[in-house]
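K.L.:
Supplied in structure tokens, the structure appears directly below.
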Amino acid sequence: MYKLFFRLFFTRMDPEQAHHLAFRWIRLAARVPVLRTFLAAALAPRYKELRTEAFGLRMHGPFGLAAGFDKNAVAIDGMAMLGFDHVEIGTVTGEPQPGNPRKRLFRLVQDRALINRMGFNNDGSAAVAARLHARVPVFRTVVGVNIGKTKVVPEAEAAADYVKSTERLARHADYLVVNVSSPNTPGLRNLQATQSLRPLLTAVREAADRTVTDRRVPLLVKIAPDLADEDVDAVADLAVELGLDGIIATNTTIAREGLKSPARLTGETGGLSGAPLKERSLEVLRRLYARVGDRITLVGVGGVENAEDAWQRILAGATLVQGYSAFVYEGPFYARAVHKGLAARLNASPYATLAEAVGADTRKAAV
Ligand SMILES: Cc1cc2nc3c(=O)[nH]c(=O)nc-3n(C[C@H](O)[C@H](O)[C@H](O)COP(=O)(O)O)c2cc1C
């Protein structure tokens, strides 16, 4: 039904307009108690065996919504209603900004992919913090807050911008993500170099500890799939050295290999996500797990289209898995299908718990 609807309706609309329309429906449905209870019962069934713990946070399941869909924290309950067991909001920047001029989001239907150059359009850290502060949660879901650099702030002053966001947002975050991997903010990805990343992560950690004194806010970093293997290793080592809680692998890619869509689409500037990203982001995840093992929690994202993809991420080393692009193509049953299929795979596997399955394939390969 959704796929027919998608073909007839959404594909004829500008992708960003379609996003806003779908988003409005989700928010609306989540506001009507009878409807949201019905939808949550249908779309977010719980599987006892999938209960998960990551960086000290308990979750109903391992699958969540990747950053970028709910940039301004306006639809957390709506997304939980659709079965996402954690919702990462953002990227939020120190100051509000409009993002890049439109058109800035493109659908590559033949590749089951998207290209975006949104450029961190968001309401800014003060407004998003106020929204999170005022929020009365309906569903118990973990909320991650992903922060990035305001475009007009020079690279040399990036840390102060991240610190500003941290001071405003950390107290509202179940976990905090330092995003240094979007290709759409000039210079942002340079911050992944360890000489920039070390002081940045240290400053954010200190700011989080200074502003939130009743708990330790878990801190993660999100990396690009386009890093060279040695640079992936360097970030992994730095994360261990700094006592980071997690690494999210990966953001979108600037690579364009093997695409079937017309050149007028594949030639658009921006980050590519969805199916074509699957292999590289899985490879980065495996590399990270081989390097850090259980010392740091890994979050696998990039081209996760179904339960099998999510299961492969878990076996490769991910404790949590996220998706975005496939939600556009699969529709409202996406998260439910992933969780249902994951429960079936776990029950049919030799592993008694999800935690036992985490990294099992990568460990085997290392023997
Ligand atoms: C339209 C769009 C906007 C995105 N915005 C952000 C963002 O603001 N911050 C971020 O960390 N990642 C952002 N991402 C990247 C996703 O969180 C995810 O890492 C990437 O899309 C790979 O996952 P997928 O293949 O399941 O989409 C965005 C992705 C898309 C498609």
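K.L.:
For the residue pair ARG12 and ARG264, what label-to-label distance in nm results when each label sits 7 Å from Cα along the Cα-to-beta-carbon direction?
P.N.:
With each label placed 7 Å out from Cα toward Cβ, I get 1.9 nm.
K.L.:
Sequence gap at least 6, Cα distance under 8 Å: using those rules, report the relative contact order of region 2-366 to the nearest whole percent. Spell out each step's value before the answer.
P.N.:
Working: 755 pairs, mean separation 64.2, N = 365.
For region 2-366, the relative contact order is 18 percent.
K.L.:
Is the shape of region 2-366 best called rounded, prolate or oblate, per the rule: a/c under 1.5 gives rounded, else a/b larger than b/c gives prolate, else oblate, with a ≥ b ≥ c the square roots of the Cα gyration tensor eigenvalues? Before the final figure, lay out the partial values.
P.N.:
Values: a/c = 1.16, a/b = 1.07, b/c = 1.08.
Judged from the Cα gyration tensor, region 2-366 comes out rounded (a/c under 1.5).
K.L.:
Tell me, in nm to one decimal, what length is gained between PHE5 and ASP231 on full extension, where the rule is 0.36 nm per residue of separation less the Cα-Cα distance? Could the numbers behind the result be given before it?
P.N.:
On the way: separation 226, 0.36 × 226 = 81.36 nm, distance 4.28 nm.
Separation in residues times 0.36 nm, less the Cα-Cα distance, equals 77.1 nm.
K.L.:
Which one of LEU200, LEU57, LEU285 has the biggest mean-square fluctuation once the chain is modelled by GNM with Cα springs under 10 Å?
P.N.:
Among LEU200, LEU57, LEU285, the largest mean-square fluctuation in the Gaussian network model of the chain belongs to LEU57.
K.L.:
Hey, what number do you get for the chain at 222 nm if only DSSP H runs of n ≥ 4 count, each worth -39500 (n - 2.57), divided across all residues, to the nearest 500?
P.N.:
Result for the chain, helices only: -12500 deg cm²/dmol.
K.L.:
Looking at the chain as a GNM with Cα springs under 10 Å, which of THR52, THR37, THR252 has the largest mean-square fluctuation?
P.N.:
Result: THR37 has the largest fluctuation of those listed.
K.L.:
Continuing with the same structure: Would you work out if region 304-351 is rounded, prolate or oblate? Take a ≥ b ≥ c from the square roots of the eigenvalues of the alpha-carbon gyration tensor; rounded if a/c is under 1.5, else prolate when a/b is larger than b/c, oblate otherwise.
P.N.:
Numbers: a/c = 2.90, a/b = 1.58, b/c = 1.83.
It is oblate, given that a/c is not under 1.5 and a/b is not larger than b/c.
K.L.:
Give, in nm to one decimal, the length gained when the segment between LYS103 and GLU155 is fully stretched (0.36 nm per residue of separation minus the Cα-Cα distance). The partial results should precede the final answer.
P.N.:
Working: separation 52, 0.36 × 52 = 18.72 nm, distance 2.60 nm.
Result: 16.1 nm gained on full extension.
K.L.:
Provide the per-residue ³J(HN,Hα) series for region 83-90, in order, calculated from phi with Karplus coefficients 6.51, -1.76, 1.60 and θ = phi - 60°, each as a whole number of Hz, with x at glycine and proline positions.
P.N.:
Going residue by residue, I get x, 7, 8, 9, 10, 9, 8, x Hz, with x marking Gly and Pro.
K.L.:
Setting aside same-chain residues fewer than 8 positions from LYS222, which lysines have a Cα under 25 Å from its Cα?
P.N.:
Answer for LYS222, where 25 Å is the Cα cut-off: LYS71, LYS149, LYS151, LYS164, LYS278, listed by chain and number.
K.L.:
Please give the length that would be gained between VAL136 and LEU28 if that part of the chain were fully extended, namely 0.36 nm times their separation in residues minus their C-alpha to C-alpha distance (nm, one decimal).
P.N.:
Numbers: separation 108, 0.36 × 108 = 38.88 nm, distance 1.57 nm.
Contour length minus Cα-Cα distance gives 37.3 nm.
K.L.:
If packing is taken as the mean number of other Cβ atoms within 10 Å per residue, what is the order of 208-220, 138-150, highest first? Working shown, then result.
P.N.:
Details: 208-220: 16.0, 138-150: 23.1.
Most protected by this proxy first, the peptides run 138-150, 208-220.
Every number here is computed from the coordinates shown, using simple stated rules; none is lab data. Just so it is clear, the model here is predicted, and its values are computed rather than measured. FYI the Cβ positions are ideal-geometry reconstructions off the backbone, even for glycines, and counts take in every protein chain you see.
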